[in-house]
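The values are calculated or read from the model by the stated rules, or taken from the named source; none is laboratory data. Please read all numbers here as calculations on a predicted model, not as lab measurements. All Cβ positions, glycine included, derive from the backbone under ideal geometry; neighbour counts span all protein chains shown.
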Amino acid sequence: MALIKCPECGSMVSNQAKNCIHCGYPINENNVSQLKSQINEGTVIIYGLRQTFLIGGTMKIYLDGEYYDSVKKGASLEIKITKDTQITAKCGINVMKGKYLAKVGKLQKIQIVYDRLLGTFMMQEIDTSIGNSNM
Ligand SMILES: [Zn+2]
């Protein structure tokens, strides 16, 4: 048995207790959901453009349509997600964009590339099982 801090009222309560003895907050249920969110956490590392023919090349990163941050050419950006997240990379000078659906519960490394044939940006998952020593 251990004492944990009640997330509702801040009092110390037993982690075996069903409810907080001070405010009645459901402790076990809360522990379970906290545990679940830890397991379901995912990490996404986005690598910016590496193709030197592109001038500028800073990509804006959107998570489920909300602007998050930008990643410069040759740089990388680490994102923690707690649910499946649609990641979109857009270039400031035009509306071309790459999309990737990031899943929780694993590490995903995404390389943004510009496809000259298709004239669009793409987000390609890098296979993390084959070590990318140059990444
Ligand atoms: Zn409480």
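Within the range 1-36, can you find the residues that are among the basic types (Lys, Arg) and modelled with pLDDT under 80?
Scanning the range 1-36 gives a single hit, 36.
Within the range 50-99, take every residue that is under 18 Å from residue 115 (Cα atoms) and either outside the structural domain of residue 120 (by TED's automatic domain parsing) or among the polar types (S, T, N, Q) (or both) and give me the one that is modelled with the lowest pLDDT.
Here the residue is 94.
Which residues, counting only those in the range 70-82, are out of contact with any helix residue (DSSP H, G or I) (no Cβ under 9 Å at 6 or more places or on another chain) and loosely packed, with under 13 Cβ neighbours inside 10 Å?
If the condition is that a residue be out of contact with any helix residue (DSSP H, G or I) (no Cβ under 9 Å at 6 or more places or on another chain) and loosely packed, with under 13 Cβ neighbours inside 10 Å, then 74, 78, 80 are the ones that fit.
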